[in-house]
1. Relative contact order of the stretch 418-536: what whole-number percent is it, with Cα pairs under 8 angstrom and at least 6 residues apart?
2. Take every DSSP beta bridge whose two residues both sit in the chain, then give the antiparallel share in percent to the nearest 5.
3. Roughly to the nearest percent, how much of the accessible area of the stretch 581-655 is carbon and sulfur, given a 1.4 Å probe?
4. Express the accessible area of the stretch 21-106 per residue in Å², computed with a 1.4 Å probe while the remaining protein chains stay in the model.
5. Treating the beta-carbon of each Lys and Arg as +1 and of each Asp and Glu as -1, no other charges, what is the dipole magnitude of the chain about its Cα centre, to the nearest 20 debye?
6. Please report, as a whole percent, how much of the solvent-accessible surface of the stretch 341-457 comes from carbon and sulfur atoms (probe radius 1.4 Å).
7. Per the Kirkwood treatment, what hydrodynamic radius in Å, one decimal, follows for the stretch 255-411 from the mean inverse distance over all distinct Cα pairs?
8. Return the whole-Å distance between the Cα centroid of the stretch 717-733 and the Cα centroid of the stretch 170-228.
Amino acid sequence: MKDGASTPLCDLRVVEVSDRIAGSYCGKLLVDAGADVVKVEPAGGDPLRRFTATGGKLAPGADGPLFSYLSAGKRSVTKVSDELLAWADVLIVTASRSAAAEQGVDPARLLEARPDCVVVTISDFGWTGPWSERPATEFTLQADSGLTGFRGDPEGPPISVGGDLGEFMGAAWAAYGAMALRRRVARGGPGGHLDLSMLEAITLMQSSEWLHSQLLARPPVRRSVEVPSIEPAKDGYVGISMVTGQQWLDFAAMVDCPEFAEVAQLRFQIGRWDYRDWIRERIDPWMRERTVAEIVELGALFRLPLAPLGNGSTIPDMDHLQTRGVYIDNPAGFRQPRAPWLMSAAKQAPVRDAPAVGEADGLSLWEPRESAPRTQPAGPPLEGVRIVDFTAFWAGPAAAHSLAAFGADVIKIESIQRPDGIRYSGGMRTDVDDWWEYGWVFHAMNTNKRSVTLDLQSADGLRLVKELVRQADVVIENFSPRVMDQFGLDADTLLELNPRVVVVRMPAFGLTGPWRDRVGFAPTMEQIAGLAWVTGLPDGLPVAPRGACDPLAGAHAAFVTLAALEFADRTGRGQLVEVPMIETVLNVTAVQTMEFEVFGKVMKRRGNRGHSATLQDVFRCAGDDNWIAVSVRTDDELSALAELIGGQGVDIEEWLVTQDVEDVVERLAAAGIPAAAVISPSLVTENPQLAHRGFFERLEHPRTGSGLYPCPPFARLDDGRRWLLRTPPTLGQHNEEVLTKLCGLTEADLQRLAADGVIGTRPKGV
């Protein structure tokens, strides 16, 4: 196969030992990029083979659509053999330490024999810490993370996110981590064991509200919903997502409500909750007089992130997705979204059949190959990788944050004319001079980076950024497509400057298609792609997951970046890599469209009950607004619950309302029943498991003082180094360091550029 037509990971061998979505989707990401993945499942088959989200009936011997989607192109065996492990590059295992031991999987023993192997274990809480063997489900992990606790009307229960979102987040991180360690192996270093905690991966999907409370001196966040968010129109629902103050002013003009512009606190989402009834009374007549299509089209003219609400029956027929050819055929007889990336020089693997159980048993799957001696120390996996980071807000910075944590040198490009909007768009301090340094999402997603301010509309700024590109391995950005083009920094120009550079572009809707230039944030994607449709109470409005798909898109982009770097190492060729956020989210919600095609059923909102056979819900406990999330998966767990509450005839809701929430969680967990207190996301730093695992690392910021910052969702690597070595940078903090060392500027040059407004450390006009 010619390199120009090959997949990025065409020489990667993977063993997947998984009984949950997280492991299966991790394997799928690797298959789509060209890896050869051998799935190990019991003789009776992976339980996902029999799963349907809508209750659709499978024909005898048929696999469920979700399994066929996740396992297309894999091979199946029914036991972990020494021969299989001897020649695998990557081993993925979804099990706690004790469950892995029962399956004969011992990472330490494997790595002793195969120091160049990468082992990724995925478990609910990780392999260390007081909760490492605690029972859990996605539902209870969302509660533990704070993700459930800040969603929903305070008059009703907290609302979990529908759609197993955390499983896909853990999978993307696992695939990314595996590729990061593989890069160290390729440079003569050792592989290693990546111990992934699903709780930590899910916690990364909340917007670091503990930092919000610290930096903006606010009390713990309580649950609410965005105002406006998902609102009824003449013929359906319109999703509305406004992040910046300017967008609120433009929305006020669009709906002909100038009074909205007269209340200063309405420019921030957090300030609109107290005005929710007043706002909705004014926009409701305007919305109901117009169709969804009319409102969305008008919103595009105002550059507002408005979107039609999608579900399993409508999504594949949206004109933008059809124009881009997003949906492709699965051999099992339904359409599925293609992998959420496109590369200009490499291709995706074709979608093939999912394997029959054990179809590769007894076969010699791989030829032996020599293992080179490990000559390099166990240093940071991405040491030596330089990234020029143009990203802003959350999804793009999350991708670069992942890369920086694993050792890449990430140079963040802002300007005093246009700093990263997430520095202040969610709310700002009015009692400090440097209010732009207190943005909590900025703090969380920009550790380990260096900040350079360059006015890209100036000749000097453009010249200097091009010099940085010449020395980079990766350029990454997440603007709408027109922005980089207007700067004269399109992919062709960047690749002409540096033919080996990987240019990663993360536009909301992609570089082509009728929605190409529309504005969109994570809630917009959640609304279009069906996540909002399955989140919320059955008799209420759909509820957006509140931006959780920003870090989800970031984890996907980080993985794809490393896949493209592996292709560049093999071929010497850089390329354009396109990772649209909408297509990432469509891959996560694929079960909705597939099950509609196969069974004719649309997944609906079920409150906190979910779409699996698990019995689960959120219940009140004793005290003021205390809630518990409980899952019961098996008959044994149901019997244990009955014994705990005093018999089968006792109503669990009536019993729990008399119980102290912290005490009853421990009693349920001790009985083997997944349970978690529903907490404010601001309070997640008090979780003993996260504290034990070192998920939060303390840094001393020069302006804001001491704070706890989130790390990747893995135990520390084998060298024991901290994940976080730099605080999030202040605006332009590293101008002198970067521009003198990498661009050869003198002190006089820096003074001239500062006088001309090309560089600086304060936003222009402040």
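The values are calculated or read from the model by the stated rules, or taken from the named source; none is laboratory data. In this text, all values refer to a predicted model and were calculated from it rather than measured experimentally. Cβ atoms come from the backbone with ideal geometry, glycine included; neighbour counts cover every protein chain shown. Note: accessible area is taken over every heavy atom of the protein model, side chains too, but ligands, DNA and RNA are not part of it. Shrake-Rupley method; radii C 1.70, N 1.55, O 1.52, S 1.80 Å.
1. Taking the mean separation of contacting Cα pairs over the length of the stretch 418-536, I get 17 percent.
2. 40 percent
3. 46 percent
4. Working: 2880 Å² over 86 residues.
Value returned for the stretch 21-106: 33 Å² of accessible area per residue.
5. Values: 76 positive and 101 negative charges, 307 e Å.
Magnitude of the dipole: close to 1480 debye.
6. Here carbon and sulfur together make up 50 percent of the probe-accessible area.
7. Averaging 1/r across every pair of different Cα atoms and inverting gives 22.5 Å.
8. After rounding, the separation between the Cα centres reads 15 Å.
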